[in-house]
Amino acid sequence: MTPIRPRDIVIPEDGAAMLADAIKRVAQPSRRAFLQRTLTLGGLGLLTGCTPTSEESIERALAAVSRFNDRAQALLFDPTRLAPTYPDSMITRPFPFNAYYGEDEVRVVDGDAWRLELSGLIADRRPWTLDALRALPQQSQVTRHICVEGWSAIGKWGGVPFSHFLRRVGADLSAKYVGFKCADDYFTSIDMATALHPQTLMALTYDGQTLPPRYGYPMKLRMPTKLGYKNPKHIQAIFVTNTYPGGYWEDQGYNWFGGS
Ligand SMILES: Nc1nc2c(c(=O)[nH]1)N[C@H]1C(S)=C(S)[C@@H](COP(=O)(O)O)O[C@H]1N2
Ligand SMILES: [Mo]
């Protein structure tokens with residue numbers, strides 16, 4: 001493909017309307033607002049190297065922009081930079097509940113029968129009980145959770161630093177992704193740099209108490225460096241892989257890196 005020159009860009013007659021429609025289907029409101037402010041059909045052509053002329057190619061071009069954004073965020077991510085922390089007095093009460101279903105459908109997991117399953121590029125893949133996780137070193141943090149649906153709240157989570165756990169089970173720390181499967185139909189995946197970030201916790205408690213069902217009992221991954229949808233609740237299985245695992249919202253167009 002030859003490099004595109006601005007005068008080569010042919011804007012289809014209904015292109016602007018198609019672009020507006022495609023942007024409306026971008027799931028993440030902040031990204032949608034950003035695209036609405038900054039994107040024109042010609043601009044999308046310059047970014048992706050070809051002029052999108054159909055609705056389908058506009059969606060493909062938007063997905064290319066999102067992948068470009070993943071790479072940019074990964075490059076900009078500083079593995080030692082800490083997210084802000086807050087005093088207990090600033091905790092949002094009550095802390096909001098969110099899931100792809102309503103609070104009346106919260107999954108209730110039996111913690112005694114629960115086993116955390118491990119697979120993929122991990123040396124010791126024996127399953128973990130809740131008590132065994134509780135016996136590992138614990139840390140607590142008061143941080144802000146930011147949901148793309150337009151709310152944020154400060155909460156207090158306690159649990160095992162994920163980097164400690166990954167080293168303990170002999171995970172391949174040079175692998176690209178860590179994936180999570182949950183007790184509902186949720187799943188997501190993160191980059192290894194974020195998995196090893198000092199504030200990434202396997203959270204077992206909320207506000208000093210056993211993690212309640214609505215916040216992800218028996219265990220959730222809490223990362224103040226990532227948006228809400230990247231923080232999986234009710235984790236059932238963890239795997240380490242070099243194959244892109246996607247996620248529940250990510251597969252529907254949310255940006256994969258999802259930094260906050
Ligand atoms: N298992 C599971 N984890 C999930 C979700 C979900 O639907 N199921 N929703 C995500 C989204 S979009 C948000 S904002 C947070 C909400 O967490 P909270 O209920 O602790 O506020 O959980 C994330 N993790
Ligand atoms: Mo969210």
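The values are calculated or read from the model by the stated rules, or taken from the named source; none is laboratory data. These figures come from a predicted structure and were not determined experimentally. Every residue, glycine as well, gets a Cβ built from its backbone with ideal geometry; the counts of neighbours run over all protein chains shown.
Here are the numbers for this structure:
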| quantity | calculated |
| --- | --- |
| Hits in the stretch 111-124 - residues which are farther than 18 Å from Gln209 by Cβ and either within 16 Å of ligand 1 (Cβ to nearest atom) or not in a loop (DSSP other than H, G, I, E, B) (or both) | Leu116, Glu117, Leu118, Ser119, Gly120, Ile122 |
| Residue count for the stretch 132-161, restricted to those that are closer than 18 Å to Asp207 by Cα and without any contact (Cβ under 8 Å) to a residue 40 or more places away in the chain | 2 |
| Criterion violated by Ser260 - all others in (1) closer than 16 Å to Ala99 by Cβ; (2) not assigned by TED's automatic domain parsing to the domain that holds Pro137 satisfied | (1) |
| Residue check, Ala237 touching a residue at least 60 places away in the same chain (Cβ under 8 Å), more than 14 Å from ligand 2 (Cβ to nearest atom) and in contact with a Leu (Cβ under 9 Å, 6 or more places away or on another chain) | yes |
| Enumeration of residues in the stretch 155-181 that are more than 16 Å from ligand 1 (Cβ to nearest atom), among the aromatic types (Phe, Trp, Tyr) and under 17 Å from the mean Cα position of the chain (by Cα) | Tyr177 |
| Members of the stretch 148-194 that are polar (S, T, N, Q) and crowded, with 16+ Cβ neighbours inside 10 Å | Ser163, Thr188, Ser189, Thr194 |
| Scan of the stretch 228-248 for residues that are within 14 Å of ligand 1 (Cβ to nearest atom) and either buried (at least 22 other Cβ atoms within 10 Å of the Cβ) or among the β-branched types (Val, Ile, Thr) (or both), ordered by number | Tyr229, Lys230, Asn231, Pro232, Lys233, His234, Ile235, Ile238 |
| Pick from the stretch 138-154, criterion among the aliphatic types (A, V, I, L, M) and modelled with pLDDT of 95 or more, ranking: farthest from ligand 1 (Cβ to nearest atom) | Val142 |
| Residue satisfying condition, being surrounded by fewer than 18 Cβ atoms within 10 Å (Cβ to Cβ), without any contact (Cβ under 8 Å) to a residue 40 or more places away in the chain and among the β-branched types (Val, Ile, Thr), within set Thr129, Thr80 | Thr129 |
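Table: residues versus (1) in the same structural domain as Trp151 (by TED's automatic domain parsing); (2) surrounded by 11 or more Cβ atoms within 10 Å (Cβ to Cβ); (3) more than 16 Å from ligand 1 (Cβ to nearest atom).
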| position | (1), (2), (3) |
| --- | --- |
| Asn69 | no, yes, yes |
| Phe95 | yes, yes, no |
| Ala99 | yes, yes, no |
| Glu105 | yes, no, no |
